[in-house]
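What follows is a set of notes on a single structure, which appears directly below.
The values are calculated or read from the model by the stated rules, or taken from the named source; none is laboratory data. The shown structure was predicted, so the numbers you read here are calculated from the model rather than taken from an experiment. Because the Cβ atoms are built from the backbone with ideal geometry, glycine has one as well, and the counts that use them run over all protein chains shown. What goes into the accessible areas is simple: the full protein's heavy atoms, side chains included, and nothing from ligands, DNA or RNA. Shrake-Rupley method; radii C 1.70, N 1.55, O 1.52, S 1.80 Å.
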Amino acid sequence: MQNLQADDSINSHWKMWLAVLTISFAAFTFNTSEFVPIGLLSLIADDFGVSEAEAGFLISLYAWVVALASLPLMLACSRFEMKRLLLVVVALFVLSHIGSALANGYWTLMLSRLGVACAHALFWSIAAPLAVRVAPKGKESLALSCIATGTSIALIAGLPLGRVIGLHLGWRMSFFAIGIVAFLLLLILFKSLPNVPSGGAISPRSLPKLLKTPKLIGIYGITLCLVSAHFIAYSYIEPFLMQYANFGENVVTLVLIVFGCVGFLGSFLFSKYYDTHQGFFLNFAIFGIFIALMSLVGVSFGLLSALSICVLWGLCVTIFNLTFQSKVLNLVPIGTSVAMSMFSGIYNVGIGSGAFIGGIVIGHLGIENIGYVGAAIALCVCIYYKGWFAK
């Protein structure tokens with residue numbers, strides 16, 4: 001009898017981790033979709049006869065739709081059982097990628113990407129809370145780092161692989177491949193993920209109370225500005241490396257892989273040391289992103305210099321994402337999904353604003369200045385953080 005109970009306990013433990021890993025694979029798929037246009041920007045621009053800045057608007061509009069849709073969709077769906085909601089979200093994601101693969105024009109592609117954006121808005125509102133809830137007790141930080149690992153793998157494997165597929169088979173096949181992976185993932189989620197009750201419904205009337213937490217407002221403000229600074233440069237990293245640093249296509253792919261690989265290190269460090277060194281992680285992320293952006297001009301010195309800058313940059317961005325998600329989860333124990341929905345929305349305002357501003361910088365100041373403009377915004381964040389938020 002005791003052995004049977006022990007077996008049940010072991011099985012339950014592994015089922016919890018299987019659920020966490022499944023959500024992590026979903027994070028990989030969604031983030032691959034979000035970021036793969038960065039690696040395909042030149043191909044899409046050439047195919048539709050538009051400029052790289054116009055192609056970059058696909059990234060901006062996608063992010064803005066996520067930002068606008070995140071909170072309304074989460075409020076509308078906050079009472080739903082979370083497994084069922086996730087399955088619906090992934091199904092919409094699959095259908096929209098089929099539309100992207102079949103798009104016969106710039107605006108048709110834009111429309112299909114808006115469907116992906118709506119799925120994205122809901123997914124990132126529930127992914128982190130869901131992973132934390134299904135994880136074994138006491139392993140919440142590790143579960144959160146698994147989600148970040150899925151994100152990192154998207155940068156390591158998803159974005160470069162999508163780029164390679166696009167270079168050899170056409171950018172449409174990149175989107176089609178993501179749709180196939182998502183469909184397989186949908187089947188796995190249906191079988192592996194346990195039923196998880198809603199994390200607690202919240203009405204629009206209760207949002208002012210949620211926003212009365214000063215630290216939460218600080219987190220949202222820093223997120224908006226620092227993500228904007230990051231994506232001013234990162235949205236155009238492919239043409240930047242090719243035009244400013246004169247790197248070939250294979251070297252660009254290598255740099256993108258290294259940038260993502262550092263995410264594994266960031267996730268490991270977070271899961272192991274964050275609980276006892278929270279202040280250090282905050283400082284490292286915020287000031288490190290400023291330093292990386294300010295140093296971006298150094299990629300022209302050669303491949304080793306470019307790789308070194310991207311190691312620092314990728315590590316800081318990973319730690320920033322993990323640290324600030326953890327802060328939101330800790331500050332809002334009730335209504336967590338809606339708080340994360342707002343975080344996701346604000347994060348995507350930053351993505352869209354960064355890509356939009358980056359396009360303006362390229363058009364008026366030249367692509368070589370995207371790092372400096374991003375660093376100027378990041379410096380303002382550093383001053384704000386030291387002057388008020390760190391108190």
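Quick notes on this one:
- Residue within the range 327-347 that is open to solvent by 10 Å² or more (accessible area, probe 1.4 Å) and at pLDDT 90 or above present: no
- If you filter the range 259-281 down to residues that are hydroxyl-bearing (Ser, Thr, Tyr) and buried (at least 16 other Cβ atoms within 10 Å of the Cβ), you find that the one that is farthest from residue 295 (Cα to Cα) is 271.
- Pairing residues of the range 353-371 that are touching a residue at least 24 places away in the same chain (Cβ under 8 Å) and closer than 18 Å to residue 242 by Cβ with residues that are polar (S, T, N, Q) and open to solvent by 60 Å² or more (accessible area, probe 1.4 Å), at Cβ distances under 6 Å and at least 6 apart in sequence or on separate chains, gives 367/243.
- Considering the range 42-54, the residues that are within 22 Å of the chain's Cα centre (by Cα) and under 16 Å from residue 174 (Cα atoms) include one that is modelled with the lowest pLDDT, namely 42.
- Screening the range 61-107 for residues that are β-branched (Val, Ile, Thr) and modelled with pLDDT under 90 and picking the one that is surrounded by the most Cβ atoms within 10 Å (Cβ to Cβ) gives 66.
- Selection from the range 237-258 of residues that are under 19 Å from the mean Cα position of the chain (by Cα) and open to solvent by less than 10 Å² (accessible area, probe 1.4 Å): 237, 238, 255, 256
- Selection within the range 136-192: residues that are outside any helix (DSSP H, G or I) and open to solvent by 70 Å² or more (accessible area, probe 1.4 Å). The member of this set that is modelled with the lowest pLDDT is 139.
- Filtering the range 292-302 to residues that are modelled with pLDDT of 85 or more and either under 17 Å from the mean Cα position of the chain (by Cα) or surrounded by fewer than 19 Cβ atoms within 10 Å (Cβ to Cβ) (or both) leaves 294, 295.
- Residues that are of a type in the set (Gly, Ala, Ser), in a loop (DSSP other than H, G, I, E, B) and without any contact (Cβ under 8 Å) to a residue 60 or more places away in the chain within the range 95-112 comprise just one, 105.
- Among the residues of the range 215-236, those identified as of a type in the set (A, V, I, L, M) and crowded, with 24+ Cβ neighbours inside 10 Å are 226, 227, 229, 232, 233.
- Top-ranked residue of the range 193-218 - restricted to ones that are at pLDDT 70 or above and among the aliphatic types (A, V, I, L, M), ranked as farthest from residue 75 (Cα to Cα): 193
- Qualifying positions in the range 36-60 - among the aliphatic types (A, V, I, L, M) and open to solvent by 20 Å² or more (accessible area, probe 1.4 Å): 43, 50, 53
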